[in-house]
Structures are given as structure tokens and as C-alpha cells.
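Just below is one structure, and these are the notes that go with it.
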């Protein structure tokens with residue numbers, strides 16, 4: 001575990017109340033400081049295969065790969081390593097589909113976060129989300145790669161219209177669709193007391209931000225209690241999809257010389 005950040009984490013993936021099998025997958029490696037949620041899609045259980053490959057490949061890559069340092073990028077080498085792990089997972093999913101016709105067209109979303117020193121690195125593709133709960137406010141750190149979200153950005157839909165739209169689940173970007181994949185990246189400073197929520201749309205399709213905020217405000221200091229309460233509420237609301245939830249509670253951020261950032265950098269990352 002990164003000695004600069006002390007945190008507790010708990011996660012669960014659940015079939016929900018309607019689906020016949022669970023196509024979600026999660027990965028937690030507290031000793032390496034990373035967490036992953038993937039939401040698969042595809043017939044003949046192929047979505048389950050795609051999400052499992054994504055989590056396994058991201059984990060394998062982060063456990064063994066060194067950070068690239070040859071790129072001229074605004075992102076740290078460690079964040080680029082997280083991106084490369086997602087790209088590696090995309091290649092593995094495409095290869096698996098090529099060797100098995102029943103898995104053709106399978107894909108998955110992915111959202112992955114990793115603590116690096118005093119910072120958080122995020123890689124994201126699809127509509128699984130990462131939220132940050134800080135000082136009573138809930139912020140969605142990722143932007144959904146969906147048709148409806150594009151319409152919201154173009155002001156063709158309001159946020160409320162997007163939530164109830166019939167085509168809200170049409171994904172515009174996912175692993176397993178194309179060999180060339182754009183991965184959204186994010187870096188930010190972590191603060192003591194921060195709570196992070198990674199989840200599939202099985203949660204956000206059932207609960208709104210106000211409901212999530214209430215649970216994290218009341219129980220976020222206990223990741224297991226918060227996770228299980230969110231799961232219960234999503235299932236009670238209908239559980240129309242598989243539900244995956246990981247809650248991370250940051251207890252303390254310890255400053256170190258290797259990660260000391262000047263004021264300009266603090267403003268850029270925060």
C-alpha cells in the first residue's frame with residue numbers, strides 16, 4: 001500500500017433483481033492502491049467474459065508493469081501506466097472475441113482509480129462512474145460516454161430529461177469495440193476525509209445523486225456499511241441491472257518529500 005495515503009475500502013458486485021446472470025466485475029488491490037469496476041455487454045454471457053478480462057488484465061498490468069517515461073504528456077508516468085493497462089485489456093477482449101465467434105461484439109465499460117503518492121489517477125471508458133464525496137458535496141469525476149450525455153453537452157437534453165430518456169443506456173465508447181480506443185484520464189490531489197465511489201450504472205440507474213449523497217454523508221466513514229446500504233437501496237428501487245459498488249474512505253494523507261508539490265501544482269491538480 002502507498003504509505004502516503006491511509007485508506008479503507010470495500011466492494012461488492014450483485015446480480016440485481018431482474019437479470020439472469022451478473023455481467024459486472026470488480027477488482028480491489030489495496031496493497032497496490034487500485035480499484036476497478038467493469039460492466040460487460042454482449043450475448044451468450046459474453047459480457048461477463050469481457051468484464052472479467054478487463055479487470056484481470058488491468059490488475060495484471062498494474063501489478064507488473066513499470067510506468068512509461070518516454071511520452072511528452074501532461075499526465076504522470078503512473079497515470080499513463082493506468083491508461084496502458086486499460087488499452088491492454090481492450091486488446092485482450094478483441095483477441096478473445098476473434099477466437100470465439102459466440103463472443104463477437106462483446107464489450108465492457110471500465111473505471112479504474114489508483115493512489116499515487118498524494119494524488120489520485122483515474123482511467124475511464126463507458127458509463128461506469130467515479131464519484132468523490134468531499135466536505136458534504138458529491139462530485140461526479142467521470143463523464144459518461146453515452147449518446148444521451150453527448151446530447152446534454154450539446155444542450156439538446158436537460159440533466160433530468162437525460163435521466164429518464166429511453167435511450168440513456170446507448171454507450172458511445174467501450175472496450176472491445178475498436179482497436180483504437182480513447183481513454184479518459186484524470187489526476188487530482190487527495191485530501192484526508194475524501195470518500196470515493198466507483199460504480200456501474202446498475203447503481204446510478206436506480207439512485208439519484210441526492211440519495212447517494214445522503215448515504216455517503218451518514219455512513220461513508222464505514223466503507224462496508226455504505227456499500228451494503230447503497231446495494232440494498234438499489235435493489236429495493238427495482239434492481240433492474242447488475243449492481244457493482246466500491247467505496248473508498250481516505251483516513252489520512254501524509255505529505256512526503258517525493259510528492260511535495262508547489263502551490264502552482266496544487267492549483268492544477270485540485
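Each reported figure results from applying straightforward, stated rules to the coordinates on display, with no laboratory input. Everything numeric here is computed off the predicted structure, so don't read it as measured data. Cβ: placed from backbone, ideal geometry, glycine included. Neighbour counts: every protein chain shown.
For the peptides 102-109, 5-12, the ranking by packing is 102-109, 5-12, with the highest mean count of neighbouring Cβ atoms within 10 Å listed first. Peptides 219-227, 111-119 ranked from most to least packed give 111-119, 219-227, packing being the mean of other C-beta atoms within 10 angstrom over each peptide's residues.
A simple packing score, the average count of other Cβ atoms within 10 Å per residue, orders the peptides 56-63, 182-189 as 56-63, 182-189, with the highest score first.
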